[in-house]
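Note sheet for the following structure.
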Amino acid sequence: MKLFQQMLVAGASLSLLAPIAATASDVINLEEMNGYSRSKTKSSRLDSKTFINEVSEDIANLKGRVDGLEVKQNEFEAGGFSDTTTLDGKAVFALMGTDHSKDKLLGDESADGRDSLAAAYQYTMNLNSSFTGDDNLYVRLRTGNGHGNFVDKEYGTYLSMGSGYSDELHVDKIWYTFPVGESNTVWVGPKIENYYMHATTPSIYKPVTKQFTLGGNGDAYGASTDSGIGWAYKADNGFAVSSNVVSKQNGTTNGFLTNQAKTSWATQAGYTTDQWSVSAIVNQKYNGWTDGYYESLQHTSSNFTEGVTNFTAIGLRGWWRPQETGTATPAISLGYDTTDFDGAPEASNNSTAWFAGLTWQDMFQADDRIGVAFGQPTMNEDEAHEPFAYEAYYEFKANDSITITPTIFGGTNRNGTDGDDVFGTILQTTFKF
């Protein structure tokens, strides 16, 4: 019997037995009194025994009612929040100021309104549910109000916390994953991206601007949230291989893996130890798929205006980290991409990109982070001016749940145009729960 039941029954028993004790006391007093006869005493004792039997029946009835309440409580709990589901989340505030030189080149500093100081937020809830103990149903709920520079790919100002949901709560991701045997994992879902299904982590650099995600978020790794399925194999010795397909269907009537749907098929192989990792990926994209955050506008327009719809991107990634943090030696993440376009003019049928990210941890206090990233966004061989992008930040914890990250970022010749530059500052605060 649970403690709650025991307390109820004990309390009821004491309240019901109190008159019994009083009656028993009366019996003893009657025996000491010479004015009462033996028959009177015997009668009193028989009455007490009868009363005790009645009390016992009441206690049994009370116990039955408590047991019934427990059953109803269990039924209520079963219909409540599942004990196999966990919830965590975060809220991010960002204040970003940007300065674009393109407006000045055109002779009008307010030509397109890109120079601005603006604030935005993102709110995310992650729900993870298991039904067997090894599987997982993942749902990400997200809202936010980032727009303009917060979600602009053209100049690399798109923030990792950027969201164009206009204050509306959306199911941002949803998929189901389960193991097959001891070394294989399968993903399937109507809203998933390639990079969640890769077997090897391509980069350990944590970016502020989304262009530096995954060691350069261009042709080889760029993805978008749509219907997908994937598989990964991880061996005990650090070797891993994965293959996955995502087809753009959300909001359309295009069929999965048909010529009407833009499709990305990524296959990755890698090897990882505690201190370093190397990996290679081949990403074949069909039917005019575009998604890059780390590329010049010239690269996109010069290829896809020629009727080219298919291309193959190869990405090489590697990272290394020191055995101890808090030293002058940073963790290093590197990336290189090359892309070939089917049927494009010879001058623009190939493009390249490279990335480098440096991370120092625990430099001034526990759990702080210094990050510096730079590189060349994806550009065609015939572009006259090489684009360049960078960011630098310091992330520190105000307490266990609040992180503050001041950042500077920018780029030169950002879209292959001489003098087409951007500079910005960001103050970002993250609340985790």
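For the range 165-217, give the magnitude of the charge dipole about the Cα centre (Cβ charges: +1 Lys/Arg, -1 Asp/Glu; no others), in debye to the nearest 20.
160 debye
I'd like the FRET efficiency for Leu87 and Asp134, computed as 1/(1 + (r/R0)^6) with the beta carbon distance as r and R0 of 22 Å, rounded to 0.05.
Working from the Cβ atoms, E equals 0.65.
Note down the nm distance, to one decimal, between modelled labels 7 Å out along Cα→Cβ at Phe388 and at Asp400.
4.5 nm
Report the convex hull volume per residue for the range 216-363, counting only C-alpha atoms, in Å³.
Value for the range 216-363: 133 Å³ per residue.
If packing is taken as the average number of other Cβ atoms within 10 Å across a peptide's residues, how do 192-202, 240-250, 274-284 rank, most packed first?
In decreasing order of mean packing, 192-202, 240-250, 274-284 become 192-202, 240-250, 274-284.
Between Trp276 and Glu324, 0.36 nm times their residue separation minus their Cα-Cα distance comes to what?
That pair, Trp276 and Glu324, stretches by 15.9 nm at full extension.
How much accessible area per residue does the range 162-206 have, counting only protein heavy atoms and a probe of 1.4 Å, in square angstrom?
47 Å²
So which GluC sites (Glu not before Pro) in the range 364-433 pass both tests, a DSSP loop state and at most 15 other Cβ atoms within 10 Å of the Cβ?
Answer in residue order: Glu381.
Give me the percent of accessible area attributable to carbon and sulfur for the range 168-308, probe 1.4 angstrom.
56 percent
Rounded to the nearest Å, what's the spacing between the alpha carbon centres of the range 194-209 and the range 397-425? Just the number, please.
The two parts, judged by their Cα centres, are 19 Å apart.
Can you give the net charge of the other residues whose Cβ lies under 14 Å from the Cβ of Ser166, counting K and R as +1 and D and E as -1?
Overall, the nearby charge balance is -2.
Counting Lys +1, Arg +1, Asp -1, Glu -1, what net charge surrounds Thr327 among other residues with beta carbon under 12 Å of its beta carbon?
Once all neighbours under 12 Å are counted, the net charge is -1.
Please compute the per residue accessible area over the range 300-433 with all protein chains in place, 1.4 Å probe, rounded to a whole number of Å².
46 Å²
Under a point spin-label approximation (7 Å from Cα along Cα-to-Cβ), what is the Ser166-Ile370 distance to one decimal in nm?
A separation of 4.3 nm, rounded to one decimal place.
Run the quick spin-label model on Thr290 and Ser224: label points 7 Å from Cα toward the beta carbon, then report their separation in nm to one decimal.
1.0 nm
The values are calculated or read from the model by the stated rules, or taken from the named source; none is laboratory data. This one's a predicted model, so the numbers in the text were calculated from it and none came from an experiment. Every residue, glycine among them, receives a Cβ derived from its backbone with ideal geometry; neighbour counts consider all protein chains shown. Just so you know, the surface numbers come from the protein's heavy atoms only, side chains and all, with ligands and any DNA or RNA stripped out. Shrake-Rupley method; radii C 1.70, N 1.55, O 1.52, S 1.80 Å.
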